[in-house]
């Protein structure tokens with residue numbers, strides 16, 4: 001089993017947030033990660049920090065170059081990184097750059113993941129049903145593109161979710177365990193057919209998981225990883241969701257997605 005990460009796009013976007021996250025991860029690097037990279041300059045930068053890297057394409061946005069307007073294709077980069085990882089290493093744990101390690105990896109970590117019958121695991125997070133209203137009321141001077149994103153996110157959350165406690169619950173792809181590349185192929189197929197326009201790697205997991213799950217509780221029992229939480233308790237009413245999850249499965253946290 002290998003830990004993998006990915007990067008595509010422009011390191012200078014979002015006030016260079018991803019650049020700083022990558023540097024921070026390099027300063028605390030002890031996971032023997034391999035990074036799947038799109039873009040020659042991105043590859044040079046990440047490799048210079050000491051990461052093992054695999055350059056997938058010289059094109060930094062091979063599948064789509066805009067997180068809003070090409071969003072049904074944009075996150076295909078992440079799904080392809082997971083697919084390539086599984087094809088190379090059989091089992092992988094994919095981590096976003098803002099998924100933080102809480103304690104050292106040991107045999108127990110691997111045993112926990114392998115105990116599950118599920119070939120893919122993603123933790124759950126939550127948005128209130130009036131998410132866009134809350135954000136747009138509180139974010140003074142929101143840029144037009146971000147406003148469009150929030151409204152589009154609301155639209156797709158209403159369509160792809162587990163409804164619980166007057167909230168939309170969806171998987172969070174900041175942590176993904178996968179042991180079968182066919183699952184990723186199916187997520188890509190769903191995304192292509194549905195043309196999911198926001199967080200396509202997460203919304204497709206909603207559709208995929210509903211083949212086996214009728215509720216949040218069903219999802220928790222089948223696909224929620226014991227070793228990671230999707231969000232801190234301060235994220236909307238994530239505290240209540242985390243409490244529900246902990247009442248169903250006993251968490252042993254090695255990672256926390258911020």
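The values are calculated or read from the model by the stated rules, or taken from the named source; none is laboratory data. As the structure is a computational prediction, the values presented were derived from the model and not from experiment. Every residue, glycine among them, receives a Cβ derived from its backbone with ideal geometry; neighbour counts consider all protein chains shown.
Return the residue satisfying two criteria in turn: it lies in segment 57-93 and is over 30 Å from residue 151 (Cβ atoms) and crowded, with 21+ Cβ neighbours inside 10 Å, and of such residues it is nearest to the chain's Cα centre (by Cα).
We begin by selecting, within segment 57-93, every residue over 30 Å from residue 151 (Cβ atoms); these are 57-58, 83-93.
Now drop any that are not crowded, with 21+ Cβ neighbours inside 10 Å, which leaves 83, 85-86, 92-93.
Working: 83: 14, 85: 15, 86: 16, 92: 14, 93: 11 Å.
It comes out as 93.
When segment 1-18 is limited to residues that are without any contact (Cβ under 8 Å) to a residue 12 or more places away in the chain and part of a helix (DSSP H, G or I), the one that is surrounded by the fewest Cβ atoms within 10 Å (Cβ to Cβ) turns out to be 15.
Across segment 21-30, the qualifying residues are those that are out of contact with any helix residue (DSSP H, G or I) (no Cβ under 9 Å at 6 or more places or on another chain) and surrounded by 13 or more Cβ atoms within 10 Å (Cβ to Cβ), and the one among them that is nearest to residue 100 (Cα to Cα) is 25. Selection of strands (runs of 3 or more DSSP E) fully inside segment 109-198 by the criterion of at least 3 residues being modelled with pLDDT of 95 or more and surrounded by 18 or more Cβ atoms within 10 Å (Cβ to Cβ) returns 124-128, 167-171, 175-178.
Summed over segment 208-237, the residues that are in a helix (DSSP H, G or I), over 29 Å from residue 107 (Cβ atoms) and over 16 Å from the mean Cα position of the chain (by Cα) give a count of 3.
Screening segment 242-252 for residues that are more than 19 Å from residue 102 (Cβ to Cβ) and in contact with a helix residue (DSSP H, G or I) (Cβ under 8 Å, 6 or more places away or on another chain) and picking the one that is surrounded by the most Cβ atoms within 10 Å (Cβ to Cβ) gives 244.
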